[in-house]
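Right, one structure below, let's go through it.
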Ligand SMILES: Cc1ncc(COP(=O)(O)O)c(C=O)c1O
């Protein structure tokens, strides 16, 4: 018997499912300043489902041990749990091999590692590193440091008024001196989803390495590094419903082999003598010292959780929620949305004509609504958009349309106060 | 609603809308720039000091309601005062917004409007930015201050 194709899920089905999932996030069920918490700061960090908390507690309660260095049972179990998490992340990104997954502190450390390494092994005076105007500071500063060190030049792809890369600019700005292109997959301050696949194709014509900052992408859309065609991809566990202090750098085996170690210490060596040390192969080469074992276990559980919910469904639901929210917010007079690229992610950055973002944030907090205000570690974006700062609501699978209503009501309160 | 009024008192909203001494004094002889990198606020305080007295004072810049109103009310509070008197007011103000036990908002006149800030630790820097900048302007030392 052939299976019948499932009818496409309606928004109502999705909504009911996501509402059930919400129950699994303990931190969401609390009152703030006497009102139910409406958590809309998911681009800063997400809350954690119970399975993640339990996986980490269980690890400490049952398997706690150091890895890769004990013959005893607990050490073997801890090593297995850690390596299992590595395999889970590899599958999640569709990486060709788990040995290409390096566990680090997060996106920031991942980009620093690769920028530092490339400054040593690839970049020479006169070479060019290409980034974009919408990068997070963590994808700007490490490249400035790498350029300073190597004599390479940093070039910046401009963006349009609605927050997209300027059409044709990437192609125009890639030259035969371009050695690295480092670009954010999804912008944290604009929500723009960049055409990373096309960028990879353009960059590879001149043999440049492409690094993708995936911090805002992985929790909201399916990511396949082979399909994208990039050379390295970085993300943080805490934005993916996992713990803080753990993240991943995926990079092609050949690239990892070429990059020098980032830190020296235990676990990253083959043989140490006082005359000479030979290094272990990747990923161990980049994981000096005792890593964040429980963090990796938590990250593995988070990835597993996201996979079970399904990124296609998460994406569909968040897109539906975003459309509603956009419509409602655009109806508020004096509200300006910053970042309106077509197909953007569920991030709503905005300003009001009468109130400073900081005041918006405080009044929303009084209503139990948690958003972020400020420059969102993207000061060049603020300058480009002509604003000192923005208020930003960023959505996740556990947000509801009712929460969007509360957000809009709270924004209207701000307008009342600041007439 | 009362929480809202505790923080955003009418006098604060008024000074935000119509900041006083939002000018560049013609004879300013001391100035400093203050930044709050967290929210992008920037303020310049300009002072005409004469014999240790703040003869005129003005400010420029952009920021949130709390920082703008604080700058505006500060200029009113310290105009005509000696440097030492201004420092004493700042100490009292600082104690009040940081919630130091024994702070006496009543002694601060209109500045008591900022008493609600101590409930919002994230906003203390907004309220005190102008004061730190004034202090940098009228004392020897660097003329760029940052709340971070
Ligand atoms: C786009 C983007 N890149 C990089 C980062 C840095 O991530 P982390 O602070 O977890 O290293 C963030 C998060 O703030 C981000 O949103």
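The Stokes-Einstein estimate for region B:20-94, based on a Kirkwood radius over Cα pairs and taken at 25 °C with 0.890 mPa s viscosity, is a diffusion coefficient of 195 µm²/s. Each of B:12, A:371 was scored by other Cβ atoms within 10 Å of its Cβ. Arranged with the fewest first, they read B:12, A:371. An ellipsoid equivalent to chain A, defined through the eigenvalues of its Cα gyration tensor, has semi-axes of 36, 28, 20 Å when rounded to whole angstrom and sorted largest first. Counting only alpha carbon atoms, the long axis of helix A:401-417 and the longest principal axis of chain A meet at about 70°. Hydrodynamic analysis of chain B uses the Kirkwood radius over alpha carbon pairs. Inserted into Stokes-Einstein at 4 °C and 1.567 mPa s, it gives a translational diffusion coefficient of 86 µm²/s. Computed over the Cα atoms of region A:263-384, the ratio of the radius of gyration to the Kirkwood radius (Rg/Rh) comes to 1.19.
For chain A, averaging the sequence separation of C-alpha pairs within contact (under 8 Å, six or more residues apart) and dividing by the residue count gives a relative contact order of 22 percent.
In percent, rounded to a whole number, the relative contact order of region B:2-146 is 29, using alpha-carbon pairs under 8 Å and six or more apart. With all projection directions averaged, the alpha carbon convex hull of region A:2-88 covers 10.7 nm².
With all projection directions averaged, the alpha carbon convex hull of region A:110-194 covers 5.2 nm². Over the protein assembly as shown, dividing the summed -39,500 (n - 2.57) contributions of all DSSP H runs of at least 4 residues by the number of residues returns a 222 nm mean residue ellipticity of -12000 deg cm²/dmol. DSSP bridge analysis restricted to region A:53-307 gives an antiparallel fraction near 45%, rounded to the nearest 5. P(r) tail, region A:146-228: Cα-Cα pairs separated by more than 21 Å, 31% of all pairs.
Taken together, the values in this text are just the output of simple stated rules run on the coordinates, not laboratory data. Given the structure is predicted, the values throughout are model-derived calculations rather than measurements. Cβ sites come from the backbone with ideal geometry, for glycine too, and all protein chains shown count toward neighbours.
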